[in-house]
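Novice: Pasting in a structure now, in structure tokens, and then I'll have a few things to ask.
No lab work stands behind these numbers, since they all come straight from the coordinates. Keep in mind that what you see is a predicted model, and the values were worked out from it rather than measured. Note that each Cβ is placed from the backbone with ideal geometry, even for glycine, and that neighbours are counted across all protein chains shown.
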Amino acid sequence: MERIRVVVTGLGAMTPLGQTPEKFWENLVAGKSGIGPMTLCDPTDYPCRISGEVKDFDPSQYMNAREARRMARFSQLAVAAAFTAVEASRLDMSQEDPFRVGVILGNGNGGFPTLEENCRILAARGGMRMSPFFFPMVLPNMASANVSHYVGARGYNSTATTACAASNQAIGEALSTLRRGDCDVALAGGTEAGISQLGLAGFAVMRALSTRNEEPEKASRPFDAQRDGFVPAEGSVILVLESLEHALNR
């Protein structure tokens, strides 16, 4: 059987180095670092006080402000990246069969900051004061669910939660889905936004995090002999994958 060729027609990126693929690449080749002092939570009591954060991210640029408040940050980043990816691909969803457009994303933790926030409410004020949107916000699969909702993709939908391998697995699964003929287009990639005291504490007690707080731009060095741990970070990158035949036809 002839194997279907798959091509990348669009890319969206919400990262500490830029909120477009072009800005990300510009900063990357310039040797800039997206690591700096942690601001998304108070790291005072922890040995790691640096992180890679998507600065000045405004979800209301990509979605209704009310709905954004009901969505965890990892979902917000994914929706934003998906919109920019679809725009870059020039994919016109009004001309597509929505049941032939899939979404396959990866993440490791889901909504850690939202989980922490509601646990604090539970302890301080009781469980009935928690947000009624708690589960729709924190579950790992809600990023792909929200992307499919906003983009209008009603086809194959899945989430890989295999820690650091999740995004690669999601892209590989999207490739297989397209080659099986289960969809014509697939939005694939990953998203993560777990910077919180809950996540920070969990990794800190494992001694898994870098403590190079005085030189954050040099802290993320995975292949260096002087590596002392990884750096917490967030972001989302999504690809638009299509069968070559579909891309050429449109």
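Novice: For segment 121-250, calculate the relative contact order in percent as a whole number, restricting contacts to Cα pairs under 8 Å that are 6 or more residues apart.
Specialist: Working: 128 pairs, mean separation 27.4, N = 130.
Dividing the mean separation by the residue count of segment 121-250 yields 21 percent.
Novice: Which of A82, V101, L122 sits farthest toward the positive end of the charge dipole of segment 1-140, with +1 on the Cβ of Lys and Arg and -1 on the Cβ of Asp and Glu?
Specialist: L122
Novice: Continuing with the same structure: Full extension from C164 to E26: what is 0.36 nm times the residue separation minus their Cα-Cα distance, to one decimal in nm?
Specialist: Full extension of this stretch gives 47.2 nm more.
Novice: Between E217 and M93, with labels modelled 7 Å along Cα→Cβ, what's the label distance in nm to one decimal, could you check?
Specialist: 3.9
Novice: Also: Quick one: which residues, 5+ away or cross-chain, put their amide H under 5 Å from the amide H of N213? H built at 1.01 Å from N.
Specialist: Close amide H contacts, sequence-distant or interchain: none at all.
Novice: Would you please give the FRET efficiency between A225 and R179, computed as 1/(1 + (r/R0)^6) with r the Cβ-Cβ distance and R0 = 51 Å, to the nearest 0.05?
Specialist: 0.80
Novice: Starting from the Cα gyration tensor of segment 13-73, multiply each eigenvalue by 5, take the square root, and state the resulting semi-axes largest first in whole Å.
Specialist: 23, 21, 6
Novice: I would also like to ask the following. Debye calculation, C-alpha points only, no solvent: report log10 I(q)/I(0) for segment 163-250 at q = 0.12, 0.23 Å⁻¹, in the same order as the q values.
Specialist: So the normalised log intensities are -0.56, -1.12.
Novice: Right, something else. D for segment 1-40, whole µm²/s, Stokes-Einstein with Kirkwood Rh over alpha-carbon pairs at 20 °C and 1.002 mPa s: what number?
Specialist: 171
Novice: For the charge dipole of the chain, defined by +1 on Lys and Arg C-beta atoms and -1 on Asp and Glu C-beta atoms about the Cα centroid, which residue among A186, V205, G152 has the Cα displaced farthest towards the positive pole?
Specialist: V205
Novice: Once you sort the root eigenvalues of the Cα gyration tensor of segment 106-229 as a ≥ b ≥ c, which label holds: rounded (a/c under 1.5), prolate (a/b larger than b/c) or oblate (the other case)? Each step should come with its number before you reach the end.
Specialist: Numbers: a/c = 3.08, a/b = 1.18, b/c = 2.61.
Because a/c hits 1.5 or more and a/b fails to exceed b/c, segment 106-229 counts as oblate.
Novice: Taking θ as phi - 60°, what are the ³J(HN,Hα) couplings along segment 93-110 by the Karplus curve (6.51, -1.76, 1.60), each to the nearest whole Hz, with x for Gly and Pro?
Specialist: So the Karplus estimates, Gly and Pro as x, are 5, 5, 9, 9, 7, x, 7, 10, 10, x, 9, 9, 10, x, 7, x, 10, x Hz.
Novice: Distances over 29 Å make up what percent of all Cα-Cα pairs in the chain? Before the final figure, lay out the partial values.
Specialist: On the way: 10116 of 31125 pairs.
That fraction is 33 percent.
Novice: Past the 21 angstrom mark, what percentage of all C-alpha to C-alpha distances in segment 77-166 do you count?
Specialist: The share of Cα pairs beyond 21 Å in segment 77-166 comes to 42 percent.
Novice: Separate question: What ranking, highest mean first, results for peptides 107-117, 203-213 when packing means the other Cβ atoms within 10 Å averaged over each residue?
Specialist: 107-117, 203-213
Novice: If a/c stays under 1.5 just call it rounded; otherwise compare a/b with b/c (prolate if a/b is bigger, oblate if not). Do that for segment 1-138, with a ≥ b ≥ c from the square roots of the Cα gyration tensor eigenvalues.
Specialist: Numbers: a/c = 2.26, a/b = 1.36, b/c = 1.67.
Cα axes put segment 1-138 in the oblate bin.
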